[in-house]
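What follows is calculated from the coordinates using simple rules that are stated; it is not laboratory data. Worth saying up front: this structure is predicted, and the values here are computed from it rather than measured. Cβ: placed from backbone, ideal geometry, glycine included. Neighbour counts: every protein chain shown.
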Amino acid sequence: MVDPEYLKFDTLSLHAGQEPDPTTGSRAVPIYQTTSYSFVDTEQAAGLFNLEQPGHIYSRISNPTVAVLEERIAALEGGVGAVCTASGMAAFHLAAATIMSAGNHVVASRNIYGGTHNMLNLTMPRFGITTTFVDPRDPEAWRSAITPETRLLFAETLGNPGIEVLDIPLIAQIAHENGLPLMVDATFTTPYLMKPIDLGADIVMHSVTKFLGGHGIALGGVVVDGGRFDWAANDKFPTLSQPYDGYHGISFADEYGHQALSMRARAEGLRDFGAAMSPTNAFHLLQGVETLPLRMKRHVENTTSVVEFLEEADAVTWVSHPSVATHPDHELAKQLLPKGAGAILSFGIAGGREAGCRFIENVQLASHLANVGDAKTLVLHPASTTHQQLSAEDLVAAGVGEDLIRLSVGLEDPEDIISDLSRALRASQKG
Amino acid sequence: MNIECRGETVNIATGGVEVDRDLPPVVLLHGAGMDRTVWSQQTRYLAHHGFAAMAVDLPGHGESGGEPLPSIAEMADWVAEAITEIGLGPAHLVGHSMGSLISLEVAARHPEAVERIVLLGAAAAMPVHPDLLGAAERNEVLAPQLITSWGHGTRAHIAGNPTPGLWMRSGCQALLERANDGVIFNDLAACNAYEAGDVAARIACPITVVVGSEDKMTPPRATSQLVAGLSDVDLKHLDGVGHMMMIEVPDRIRELLLDALH
Ligand SMILES: Cc1ncc(COP(=O)(O)O)c(C=O)c1O
């Protein structure tokens, strides 16, 4: 049996979306630090504005450096297209605002990034979009939360902070049975560990800020369009299936079919909301994507070492990572994440809140900050930072105990990471 | 725009504008397992450049109703009927791959329906690799993958989409994956079984044929054999381009269409 002659993942990480610059021969992706692009003539200008022909007009809508990153991430995810945004939050908003309007409803996993939880729980309702939060491991909860107004199911591939593994095939099936798309936030897995579109997800978003960029130097987000969802199959998605006055009555589903979402998100969402990625950020993030496969492999290897250490450590009461046999998703992770379940884990520290604070204050190599997915090891105490806006009740629902420490394992030598943790753990117990 | 043909709905993309009945009609026909959207980079442009552009979903494809038709001849008869239903004929026919075979047959069997034909990725015979045919028969994702793999030139496998943010390879694969079960197999079997016979000799209208140097599905050699039998033909070469030329180099195909149709 013949195989498709597709370029492989590592090759795409380096090449997809870029040809050597046609005018200068520049091999690296140039930073097109420009706001706007000269038109050839009035005819071409009119054609560009009217979506008759493709090209760059103004960098809020598209930019050649950003376009390389977009095409590259789409290639790595196996999506038909991608739209980059100023941040991960902007990516979520762009996708949501492209497919939904006031009166619509989201069913979302309750174990998601605190920022996304805030947006869904507090901010979007002000614009008429409400959310029901569910236990991502409970298929019945997903099913019964769906209402006639529901337009989107949303979860993270690896939850926050319990590292819940999303059963994408199962939740996608529930979504599709109801004529709805599943969007996943794949920030923690990256396309190296898992390809959500192949598993049934319809939209993938990332905070590119994290592992894709990989060096903690630039913010960015991306919405990847899987292209398999039929937006015109029912009347739930008029922004895609009905004529749009913004471009002389174009219907994106009719005109672009499987690429309708990518086209509308750019033509309307970037144009109007304007949360565009800067070309310089795209350049920085591209440097990270080039080494994504190498870095993720090492992130996962180091995580394995750190998990082994923590499981044996006296001051540690529990370790939550899907590679641990007692993790509820241990088997699911083996199936969906054969290359590893990411480099983010949480653990409980003996002595609760105070010991947690002492631990954080005593790490020296690991950095105490509110980020994940840096090349460097990061630690955080969510109850006092990312999740502090949540009520005590929501904290419990989101699975964030006061003893919980979150670790984003970096690329340092694993022995050095472990001795730093070991030292801080000892200090934490001297209260 | 929707019309009725043989009691089924036919979905036609018109570039987001209402069809102007005073303009010369151009009917665009997609290839095996695909739909109207393969022309999305041409339809809207033609519609704004003096043509009544109509990219058709063949029966059982895209948003059209009905079942896919089992042979090229039957598809050609259907296209002629659809042109009558639209009521704008004779039309310029632009066909890609299977659509080019259909265009040839419409021109031969229903000359009154056709003004001129433009063929992209064309050959007098389209034998299909048995592994591809088998995968299509079993509705395996391998079929979309193989068509996508062979359907694009080397450059298109790396980069070069002029529409910012779109990734060609997955675009093609997703489009094919959206086809209903059996549709890709039906179309590939129809292409595989097609015998041109004396079709070239029976065509009276002018013909433009576009060939990509890296086309693996209808390679330049096969296109040359077709062209050798045609009388009023204009052959255009595209360097470094594969079978999915209207997606790989949409700008060049737009220019070429404007040129050929005027
Ligand atoms: C899983 C996840 N999604 C989304 C975001 C938001 O991304 P950004 O900070 O780039 O806006 C974050 C940031 O921490 C995150 O961890």
Expressed in µm² per second, the diffusion coefficient of chain B from the Stokes-Einstein equation, with Rh the Kirkwood radius over alpha carbon pairs, at 10 °C and 1.306 mPa s, is 89
Order these by the 10 Å Cβ neighbour count, fewest first: B:ASP215, B:ASP77, B:ASP35. B:ASP77, B:ASP35, B:ASP215
Would you work out the charge dipole size for the stretch B:100-171 about its Cα centre, treating the Cβ of every Lys and Arg as +1 and the Cβ of every Asp and Glu as -1, and quote it to the nearest 20 debye? 260
Going 7 Å from the Cα of B:LEU23 along its beta-carbon direction, which residues of the stretch B:47-62 have the amide nitrogen within less than 20 Å of the resulting point? B:47-57
Mean ellipticity per residue at 222 nm, deg cm²/dmol - from DSSP H runs of n ≥ 4 across chain A, formula -39500 (n - 2.57): -10000 deg cm²/dmol
Find which of A:SER428, B:ASN139, B:LEU230 sits farthest along the positive direction of the dipole of the protein assembly as shown, computed with +1 on the beta-carbon of Lys and Arg, -1 on that of Asp and Glu, about the Cα centre. A:SER428
Antiparallel as a % of all DSSP beta bridges within chain B, to the nearest 5? 20
Determine, from the Cβ-Cβ distance of A:TYR58 and A:GLU5 and an R0 of 41 Å, the FRET efficiency 1/(1 + (r/R0)^6), rounded to the nearest 0.05. 0.60
May I ask you to list the GluC sites (Glu not before Pro) in the stretch B:14-104 that are in a DSSP loop and have at most 13 other Cβ atoms within 10 Å of their Cβ? B:GLU18
Which value in nm describes the separation of the simple spin-label points at A:ALA427 and A:THR326, placed 7 Å from the Cα toward the beta carbon? 2.7
Within chain A, what is the longest stretch that has no trypsin sites (Lys or Arg not before Pro) placed in a DSSP loop and near at most 11 other beta-carbon atoms within 10 Å? A:28-429
Expressed as a whole-number percentage, the relative contact order of chain B with C-alpha contacts under 8 angstrom and at least six residues apart is 21
What pairs from A:LYS195/A:LYS297; A:LYS210/A:LYS339; A:LYS376/A:LYS430 go past 22 Å between their alpha carbons? A:LYS376/A:LYS430
For chain A, which longest stretch is free of loop sites, where a loop site is one of the GluC sites (Glu not before Pro) that DSSP puts outside H, G, I, E and B and that has at most 14 other Cβ atoms within 10 Å? A:150-431
Just need the relative contact order of chain A here, percent rounded to a whole number, with Cα pairs under 8 Å and 6+ apart. 17
Report the relative contact order of the stretch A:292-428, percent, no decimals, based on alpha-carbon pairs under 8 angstrom and at least 6 residues apart. 30
For the stretch A:53-169, what proportion of DSSP beta bridges, expressed in % and rounded to the nearest 5, is antiparallel? 10
Added length on full extension, which subtracts the Cα-Cα distance from 0.36 nm per residue, B:SER213 to B:GLU85: 42.3 nm
Please give me the summed charge of the neighbours of A:ASP272: other residues whose Cβ is under 12 Å from its Cβ, Lys and Arg +1, Asp and Glu -1. +3
Inter-label distance, nm, simple model (7 Å from Cα along the C-beta direction), B:GLU255/A:ASP135: 6.3
Computed [θ] at 222 nm, deg cm²/dmol, chain B (DSSP H ≥ 4; -39,500 (n - 2.57); rounded to nearest 500): -11500 deg cm²/dmol
Loop trypsin sites (Lys or Arg not before Pro), the stretch B:14-82, which have at most 12 other Cβ atoms in a 10 Å radius of their Cβ (DSSP): B:ARG21
Kirkwood hydrodynamic radius (C-alpha pairs) into Stokes-Einstein, the stretch A:9-289, 10 °C and 1.306 mPa s, D in µm²/s: 83
Listing A:HIS93, B:HIS96, B:HIS237 from the residue with the fewest other Cβ atoms within 10 Å to the one with the most, what is the order? B:HIS237, A:HIS93, B:HIS96
With the crude spin-label approximation of a point 7 Å out along Cα→Cβ, what separation in nm comes out for A:LEU122 versus A:SER144? 2.9
Expressed in Å to one decimal, the Kirkwood Rh of the protein assembly as shown from all distinct alpha-carbon pairs is 26.5
Out of all DSSP beta bridges in chain A, what portion is antiparallel? Express it as a percent rounded to 5. 60
